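Nothing in this text is a laboratory measurement; each read-out follows from the coordinates by a stated rule. Note that the structure is predicted; figures quoted are calculated from it, not measured. Reconstructed Cβ throughout: ideal geometry from the backbone, glycine too, with neighbour counts over all protein chains shown.
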Amino acid sequence: MKLSAWIERLKERWNDHGYTCDLCGAELFSYPQPRLCEACEKSLLSNGNHRCDVCGRATVTEGVCLICKRALPAFDKGCSPLVYHGDTAGAINRLKKDNAYLALTFAEKMAERVRQEGWDLAEAVVTFVPLSKEKRRIRGYDQAEELAKAVAKFLALPMRDVFVCTGKKDAQKELSPLERRKNVEGIYRVVERKAVKGKSVLLVDDIMTTGATGSECASRLKRAGADKVYFVTAASLPERK
Ligand SMILES: [Zn+2]
Ligand SMILES: [Zn+2]
């Protein structure tokens with residue numbers, strides 16, 4: 001078979017399998033199959049050099065970020081593969097708008113970062129920070145749940161839906177870290193205590209801003225008897241210079 005015909009055949013097969021970039025839809029021809037084309041991969045801001053020893057956000061210098069210095073979060077450690085900024089923020093926000101399939105794209109990166117962290121997750125369960133019932137109904141799915149399912153799959157861990165969100169989280173954007181903590185206080189309740197008692201829990205959410213939500217959920221998990229709580233998000237807000 002001529003090379004050109006061979007390539008055509010391969011192209012057809014790839015197209016049959018939906019072998020395209022998750023973000024821009026460009027056809028992909030490299031192997032092993034990446035989820036993103038090179039340009040989209042490059043457009044995502046990786047959480048690289050300096051990261052907070054506690055929450056894992058990008059920091060200006062090594063050590064602990066200013067937010068964790070002010071008040072340590074209730075989760076033991078946090079990490080996120082991406083920095084919530086520019087195109088990366090845009091891509092993650094698409095996950096909330098009818099693009100539940102993007103959970104796989106980000107979850108793969110989250111699972112990889114968790115592996116690199118070397119946390120002890122031998123008997124761990126994966127869970128997530130839930131949306132309020134009303135928001136979930138409007139959106140039709142919960143992006144954190146989709147991420148958690150995929151992260152659990154990649155790490156070969158069980159996923160358990162243990163929280164209910166009993167209140168309404170007001171928009172957090174304009175609030176100070178302290179106000180954010182107050183804003184989320186008491187709105188999450190663990191309804192599946194057995195699932196977390198005596199276990200390490202890998203808590204999943206899409207974005208970490210101040211970490212107030214993750215911290216509140218972690219403190220609920222610990223009150224329900226969780227041993228350690230690790231927090232992973234697709235992206236986190238960097239420390240401000
Ligand atoms: Zn692309
Ligand atoms: Zn921190």
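If each residue's Cβ is checked for other Cβ atoms within 10 Å, how do Y31, Y141 rank with the fewest at the top?
Taking fewest neighbouring Cβ atoms as first place, the list is Y31, Y141.
Of all DSSP-defined beta bridges confined to the chain, some 25% are antiparallel rather than parallel. Between K77, K153, K42, the GNM of the chain built on Cα springs shorter than 10 angstrom shows K42 fluctuating the most. With only Cα atoms counted, the chain has Rg and Dmax values of 19.0, 68 Å. Magnitude of the charge dipole for the stretch 1-136, about its Cα centre and with charges confined to Cβ atoms of Lys, Arg (+1) and Asp, Glu (-1), is about 380 debye.
Charge tally around C68: other residues with Cβ under 10 Å, Lys/Arg +1 each, Asp/Glu -1 each, net +1.
Answer with one residue from V232, V54, N183: the one whose Cα lies farthest towards the positive end of the charge dipole of the chain, charges on Cβ with Lys, Arg +1 and Asp, Glu -1. Going by the Cα projections, it comes out as N183.
Apply the a/c threshold of 1.5 to the C-alpha gyration tensor of the stretch 120-241 and tell me whether it is rounded, prolate or oblate. Display every interim value, and only then the final one.
Values: a/c = 1.42, a/b = 1.37, b/c = 1.04.
Note, shape of the stretch 120-241 comes out rounded.
Taking the chain as the reference, fit the longest principal axis to its C-alpha atoms, fit the long axis of helix 212-223 to the helix C-alpha atoms, and give the angle between the two in degrees, 0 to 90, nearest 10. Its long axis makes an angle of about 70 degrees. Counting beta carbons within 10 Å around each of V191, V83 and listing the fewest first gives the order V191, V83.
Would you list E174, E41 from fewest to most Cβ contacts within 10 Å?
On the way: E174 8, E41 13.
Fewest-to-most ranking of E174, E41: E174, E41.
Does the stretch 62-102 come out rounded, prolate or oblate by the C-alpha gyration tensor, with a ≥ b ≥ c the root eigenvalues, rounded set by a/c under 1.5 and, if not, prolate when a/b is larger than b/c and oblate if not?
prolate
The HN-Hα couplings worked out from phi for the stretch 133-147 by the Karplus form 6.51 cos²θ - 1.76 cosθ + 1.60 (θ = phi - 60°) are 3, 5, 5, 5, 5, 5, 7, x, 7, 10, 4, 5, 5, 4, 4 Hz, whole numbers, x standing for Gly and Pro.
Summing Lys and Arg as +1 and Asp and Glu as -1 over all other residues whose Cβ lies under 11 Å from the Cβ of V126 gives a net charge of +2. Taken about its Cα centre, the chain carries a charge dipole of about 760 debye when Lys and Arg each add +1 at the Cβ and Asp and Glu each add -1 at the Cβ.
Within the listed set D120, D53, D76, the residue fluctuating most in the Gaussian network model of the chain (springs between alpha-carbon atoms under 10 angstrom) is D120. Were the residues from A26 through Y101 laid out at 0.36 nm apart, the gain over their Cα-Cα distance would be 25.4 nm.
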